[in-house]
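Visitor: Next up is a structure, given as structure tokens.
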Amino acid sequence: MNNKIKLLIFSFLISVSYAQVLEVGDTIPSGLGAPVCANVDPLYMPNDSLYLDYYQGWRVTWIMFFTSWCPFCQDEAPLTQEVYEALQDSGLIVIGAGADWGQPDSCSEWVENYGITYPMLDGTDYEGTSWEDFGVSAIPHNVIIGADGVVKYSVAGYNENSVLEAVMNALEECGDACGCSDILGDLDGTYNSEGDPLINIMDLIKLADMVSLGSNLNPCFITKADFSDDGIVNIIDIFAFAAMLSEGQFDN
């Protein structure tokens, strides 16, 4: 097999892997995000974009995909805000992923008209987090991501009872973990049968991904990844963590 054929096969495999739709049971990859058009989180403003793994380990995430002209989306919008206000202190974050702005509402008008206080992503052109990664083909489309980063629910249509049940189940599964553990090295949210964190090479890979992407890190992640104890997380912490793992300092 010549090098040209090998390259074509490799390129095809790469394109297939990137085209994979995230379904229930899948873990969201690092760096999956989109621009924020309203309600930017003041703790998290890298180029006005929001990455979903920002909330991994301390929040259940409810994403509502919608268009401004969709009547069922307009009906669901007040519910999302009501649930967010009721459960944000219990570990829930709601994210709106809107598109077709100006038909009739712009992003800012949508937020104002429905009293939305949670982050709003710009899904214009149906790219990125907004649509393709979750296979959105009908709207509204609701996705629930557990604090462990695993997709728990992904369903098109406005079914209030169904989506609320999924939210509550994810929060119950999250339990005390929602709100942030302070265990150094507990970065990917994996646990053994006794409920103790598994700290291993996968946590190191998670740290390396976050640092290499240049993502702003949430306070919870910083607490668990600041191995050098200098208040920031960077490549120094990657080396420190690798050394601690190689020395067997984590008892799993």
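Visitor: Scan Trp62, Trp69 and give me the residue that is modelled with pLDDT of 80 or more, open to solvent by 60 Å² or more (accessible area, probe 1.4 Å) and either more than 25 Å from Val211 (Cα to Cα) or not aliphatic (A, V, I, L, M) (or both).
Guide: Every option except Trp69 fails the conditions.
Visitor: Check whether at least one residue in the range 192-207 is more than 19 Å from the chain's Cα centre (by Cα), open to solvent by 60 Å² or more (accessible area, probe 1.4 Å) and either at pLDDT 90 or above or not charged (D, E, K, R) (or both), and report yes or no.
Guide: yes
Visitor: What residue, among those in the range 167-184 that are part of a loop (DSSP other than H, G, I, E, B) and open to solvent by 40 Å² or more (accessible area, probe 1.4 Å), is modelled with the lowest pLDDT?
Guide: Gly179
Visitor: Evaluate the following for Asp229: is it charged (D, E, K, R), modelled with pLDDT under 70 and more than 17 Å from the chain's Cα centre (by Cα)?
Guide: In short, no.
Visitor: Restricting attention to the range 101-108, does a residue exist that is part of a helix (DSSP H, G or I) and either touching a residue at least 60 places away in the same chain (Cβ under 8 Å) or within 23 Å of Gly33 (Cα to Cα) (or both)?
Guide: Yes, that holds for at least one residue.
Visitor: Which residue out of Leu164, Leu213 is modelled with pLDDT under 80 and of a type in the set (A, V, I, L, M)?
Guide: Among Leu164, Leu213, only Leu213 is modelled with pLDDT under 80 and of a type in the set (A, V, I, L, M).
Visitor: Which residues, taken from the range 115-138, are modelled with pLDDT of 85 or more, within 21 Å of Val40 (Cβ to Cβ) and surrounded by fewer than 16 Cβ atoms within 10 Å (Cβ to Cβ)?
Guide: Gly115, Thr117, listed by residue number.
The values are calculated or read from the model by the stated rules, or taken from the named source; none is laboratory data. These numbers come from a predicted model, not from an experiment. Using ideal geometry, Cβ is built from the backbone for each residue, glycine included, and neighbour counts are taken over all protein chains shown. Surface areas here come from the heavy atoms of the whole protein model, side chains and all, with no ligands, DNA or RNA. Shrake-Rupley method; radii C 1.70, N 1.55, O 1.52, S 1.80 Å.
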